[in-house]
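Quick notes on the structure that follows.
The values are calculated or read from the model by the stated rules, or taken from the named source; none is laboratory data. The structure displayed is predicted, hence computed values, not measured ones. Neighbour counts are summed over all protein chains in view; Cβ atoms, including those assigned to glycine, are modelled from backbone coordinates with ideal geometry.
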């Protein structure tokens, strides 16, 4: 009997819950799934070749888009449920940076992820790392791959403010020599997918020994980058290479043209309310800002931005394995200083948007008849202003997806003006 679409990844796409993480692609035993860019939405989506599909349902089972059982996964990974609802399970918190100045300066913030991967390779802890670089032949599209050298790890440094189907490279992990061990680097949705895949595939669980997670407020669609280029009169056909961050902290976007010319846009110059409005719809329904299911999580130390212009990262160590690894690397490849968990929260002042305000967004989406992902956690009650913010976020997303940019600009300017009047000193609320 043929399986209904509700048990396949196609239903997740139909319900607009796909994160574009690529886990389904890697785990499909028949290689029946491809990841393709939906040009209208500016995101990656899986497409099933029905002639190859055997309706096994694995793609749906490993998908983090429609469900992530945080209670079960926390118990499996950490042996307990988290006491801190914003941070998740953790042992210690740190602030630090790479001892290699070039890596620190040319990374997004502190260069810790890049340096730790290099250290793990050189110490024989891992044989490769799942990371992402931009394609050489298509410089605006990301390329997930397995880095096996220092040079390849460095090539994959810096944030990518665009959709990344990172988990497609899990297939390479499965195809590797049985004795090889790997690290994976990803946003929360990527790590969610990896953890779900490990639940049904013991080989994957044995081979992945480090899960390095990046903090994430929301992912930006390809439409966001195209918007920037239009604003700054940059012709995409002339671009040879692009990097979204680097060159100090907070750094900026470097565009290298085919004729050798270079254009540099400071992060604060292009990452504004308009650019942030291009967040992917599914991100509105995510509650995980600090990558709670990773072994170690990393983010910008924004609360120290005025004191440093090279790069600092905040770090959350979540288990004994992570602590041991950081201790080994400490003072050899990285500098770390222990900090209180309150500093992590201070460094990420939009953290509450993901967790505290999610109930308001879920309430709105249910009212509109939208599908909602299952997390199996108790979310905090949202404050009254979160309901207004959720309406604004949904309107932004609707206008973006319907190519109504002029209306979006008017709406964002009005909202920014209201916020500035309410907070004359520029405090974020």
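Observations on the model:
- With respect to being assigned to a helix (DSSP H, G or I) and either at positive phi or at pLDDT 90 or above (or both), residue 421 falls outside the description.
- Scanning segment 214-241 for residues that are farther than 23 Å from residue 287 by Cα and in contact with a strand residue (DSSP E or B) (Cβ under 7 Å, 6 or more places away or on another chain) yields 232, 234, 238, 239, 240, 241.
- Test: residue in segment 331-354 that is within 22 Å of residue 373 (Cβ to Cβ) and surrounded by fewer than 17 Cβ atoms within 10 Å (Cβ to Cβ): yes
- Single match in 117, 91, 112 (criterion: touching a helix residue (DSSP H, G or I) at 6+ places or on another chain (Cβ under 6 Å) and crowded, with 24+ Cβ neighbours inside 10 Å): 117
- Residue check, residue 185 in contact with a strand residue (DSSP E or B) (Cβ under 8 Å, 6 or more places away or on another chain), in a helix (DSSP H, G or I), modelled with pLDDT of 95 or more and surrounded by 19 or more Cβ atoms within 10 Å (Cβ to Cβ): no
- Test: residue in segment 324-332 that is at pLDDT 95 or above, farther than 27 Å from residue 279 by Cα and within 23 Å of the chain's Cα centre (by Cα): yes
- Matching residues, segment 219-250, being under 19 Å from the mean Cα position of the chain (by Cα) and at positive phi: 246
- Where a residue in segment 221-232 is without any contact (Cβ under 8 Å) to a residue 60 or more places away in the chain and its partner, wherever it lies, is surrounded by fewer than 20 Cβ atoms within 10 Å (Cβ to Cβ), with Cβ under 7 Å and at least six apart: 228/275; 229/236; 232/265
- Filtered residues of segment 311-330 (kept if surrounded by fewer than 19 Cβ atoms within 10 Å (Cβ to Cβ) and part of a strand (DSSP E or B)): 330
- Of all residues in segment 296-310 being in contact (Cβ under 8 Å) with a residue 60 or more places away in the chain and farther than 19 Å from residue 118 by Cα, the one that is surrounded by the most Cβ atoms within 10 Å (Cβ to Cβ): 301
- Lone unmet requirement of (1) assigned to a helix (DSSP H, G or I); (2) over 18 Å from the mean Cα position of the chain (by Cα) for residue 256: (1)
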